[in-house]
Amino acid sequence: MGIELRRITRAEIPAWCDAMAVGFMAQPHSGRYSAAEVHFDSNRDVGAFDGKKIVGTYISFVTDISLPGGTVVSANAISGVTVLPTHRKLGILRRAISTDLNEAKERGDAVAVLRASEFSIYGRFGFGVATEASSLEVDTRGVTFLSSSKDGSVELIEPGAATNLCAKPFALHREQRSGAIDRNPVFWQRTFGLLDDYPEGMWKGSIVLSRDGRGRVDGYARYHTTSAWPNDRPESTVHVDELIDSSPASHLRLWNYLCSMAWVTKVVFEECPIDDDIAFQLVDQRAIKRHGPGDQTWARLLDVAKVCTTRTYDIVKKLTIEVVDDSGLANGRFTIDASPSGSSCKRTRSKVDLTMSVNEFGSLVFGGSSASQLTRIGRIQEHTQSAALSADQLFRTSRSPSNPTPF
């Protein structure tokens, strides 16, 4: 009997969750299924069945993703992709993702997004790296900031109050950085440790709020700590799980708080935006070690014209790009006529300036990649002199794309 792929029923949620946990090399959920039922109706939860046994899992759900300039487009977010070790290399993933991408295209979604467990998997399905992150480590012993925020305050808050207080700075973050997906109520509950539906358990930590001089919330950070006392001396670590700032002042205020706690000698931020300014705010920049950057969120274009028309541009420029997509979902020749006051992107027969795969364009359009670099290494073909430089001027953004929401 062949492998059947279909949407699971509510009664199959426990077995599906257990299969996903095993696929991610974690312990089964041990009864933590009520949370999965909360968002079941809004997701497309698919199981791969070998007879009655679930041997693979796949989720996609509706969201939107920020583009340069603070605009958003509809997105099909993919998660929970697993196949049991006993059923690898049977084409389960290819069948699931191909069906899902075609359905997303038919629904009118402009892009599909995911986080990849392995770098080499999703390129063959048209995905490219849209956002990156660095791992940052600060040795807080003797750290001195060049300046301090003279007004404003920080306060610790309870998880139950966090969503209402933190939603606005999160929205401002998405306006300032492309590549960030939206958070529905389930994701907000997960973020602040109010929902226990992950194989590794619910988040546990502290939440600190930043307020400006007028008392308005302008940022927040989530963190947890680990303690160590070698030779009876404190050497504790703050692990930053998320830092959302909406202004230079809130950024400085939160970092100052994290680096000045008693007993703490190290602050670690595993998913720090690659252009975070903290190093330039310290007297001694060698107090910081940075590893990476590495891939964070991958994007796969489904509607080139919609994405290119919706995002904003800082210059006046016209560019024709040939997008190569073997699946046929997003291939074609497109002329982008951009200006700060508005833009258009239409299919055309005009002479091509640049040719690139849908993977490369999925990276380029969010503002984090360099067309000139991709051209130098042969991943973009330049047909018009200086067209790659023009693409850099058109697409690059002043802030790096970043997605603080794991999914």
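The mean sequence distance of close C-alpha pairs (under 8 Å, at least 6 residues apart), as a share of the length of the chain, puts its relative contact order at 19 percent.
Taking 37 °C and 0.692 mPa s as the conditions, I'd like the Stokes-Einstein D for the chain in µm²/s, using the Kirkwood hydrodynamic radius from alpha carbon pairs. For these conditions, the coefficient is 144 µm²/s. For segment 12-146, the alpha carbon convex hull comes to 193 Å³ per residue, rounded to a whole number. A straight chain from D326 to D314 at 0.36 nm per residue would run longer than the Cα-Cα distance by 1.2 nm.
Which residue, S134, S148, S60, tops the fluctuation ranking in a GNM of the chain built on C-alpha contacts under 10 Å? Comparing S134, S148, S60 in the GNM, the peak value goes to S148. Distant-in-sequence amide contacts of L302, defined by a placed amide H-H separation under 5 Å and a gap of 5 or more residues or a different chain, comprise V111, A112.
Determine the calculated [θ] at 222 nm for the chain from helices alone, applying -39500 (n - 2.57) to every DSSP H run no shorter than 4 residues and normalising by the residue count; nearest 500 deg cm²/dmol. Working shown, then result.
On the way: 10 runs with 98 residues, N = 407.
Rounded to the nearest 500, it is -7000 deg cm²/dmol.
Residue separation of K89 and S42 scaled by 0.36 nm, minus their Cα-Cα distance, works out to 14.0 nm of gained length.
Around L84, under 13 Å between beta carbons, what's the net of Lys plus Arg minus Asp minus Glu among the other residues?
Net of charged neighbours comes to +1.
Of all aspartates and glutamates in the structure, those lying under 14 Å Cα to Cα from K317, and not within fewer than 8 positions of it along the same chain, are D337, D353, D392.
A simple charge model with +1 on the Cβ of Lys and Arg, -1 on the Cβ of Asp and Glu and nothing else charged puts the dipole of segment 186-270 at about 360 debye relative to its Cα centre. Separation of the alpha carbons by more than 22 angstrom is noted, of K168/K266; K150/K289; K52/K89; K105/K306; K266/K289, for K168/K266; K150/K289. Note on A11/E118: beta-carbon distance plugged into 1/(1 + (r/R0)^6) with R0 of 35 Å gives a FRET efficiency of 0.65.
A Förster distance of 45 Å, applied to the separation of the beta-carbon atoms of V268 and E106, puts the FRET efficiency at 0.55.
Around the amide H of T140, modelled in the peptide plane, lie the amide H atoms of K266, V267, all under 5 Å away and 5 or more residues distant in sequence or on another chain. The fraction of accessible area contributed by carbon and sulfur in segment 174-241 is 43 percent, rounded to a whole number (1.4 Å probe; ligands and nucleic acids excluded).
If I take every Cα pair under 8 Å that is 6 or more residues apart in segment 300-380, average their sequence separation and divide by the length, what percent do I get for the relative contact order? Display every interim value, and only then the final one.
Details: 141 pairs, mean separation 24.1, N = 81.
About 30 percent, as a whole number.
Roughly how far apart, in whole Å, are the Cα centres of segment 134-173 and segment 257-333? First find each Cα centre; the distance between them is then 20 Å.
Surface composition of segment 334-384: carbon and sulfur atoms hold 44% of the protein heavy-atom accessible area at a 1.4 Å probe. Close amide-amide hydrogen proximity is noted between L282 and L146, each under 5 Å apart and 5 or more residues distant or on a separate chain (H modeled in the peptide plane; Pro and chain starts excluded). The Cys residues in the chain with no partner Cys Cβ within less than 4.7 Å of their Cβ are C17, C166, C259, C272.
Return one whole number: the accessible area per residue of the chain in Å², for a 1.4 Å probe. Can you show the working numbers first?
Details: 18880 Å² over 407 residues.
Normalised by residue count, the accessible surface of the chain is 46 Å².
Other residues whose C-beta falls under 12 angstrom from the C-beta of T140 contribute a net charge of -2, scoring Lys and Arg +1 and Asp and Glu -1.
Using the Karplus relation 6.51 cos²θ - 1.76 cosθ + 1.60 with θ = phi - 60°, the per-residue 3J(HN,Hα) values for segment 114-126 come to 7, 10, 9, 6, 10, 5, 7, 7, 8, x, 6, 9, x Hz, with x marking Gly and Pro.
For the chain, what is the charge dipole size about the Cα centre, in debye to the nearest 20, if Lys and Arg each add +1 at the Cβ and Asp and Glu each add -1 at the Cβ?
Working: 47 positive and 48 negative charges, 164 e Å.
Roughly 780 debye for the chain.
Under 9 Å from the Cβ of I321, count the other residues' Cβ atoms, weight Lys and Arg +1, Asp and Glu -1, and hand me the total. Working shown, then result.
Values: positive: R333; negative: E322, D353.
Once all neighbours under 9 Å are counted, the net charge is -1.
The values are calculated or read from the model by the stated rules, or taken from the named source; none is laboratory data. None of the values given here were measured: they were computed from a predicted structure. We place every Cβ from the backbone using ideal geometry, glycine too, and count neighbours over all the protein chains shown. Ligands, DNA and RNA are excluded from the accessible area calculation, which covers all protein heavy atoms including side chains. Shrake-Rupley method; radii C 1.70, N 1.55, O 1.52, S 1.80 Å.
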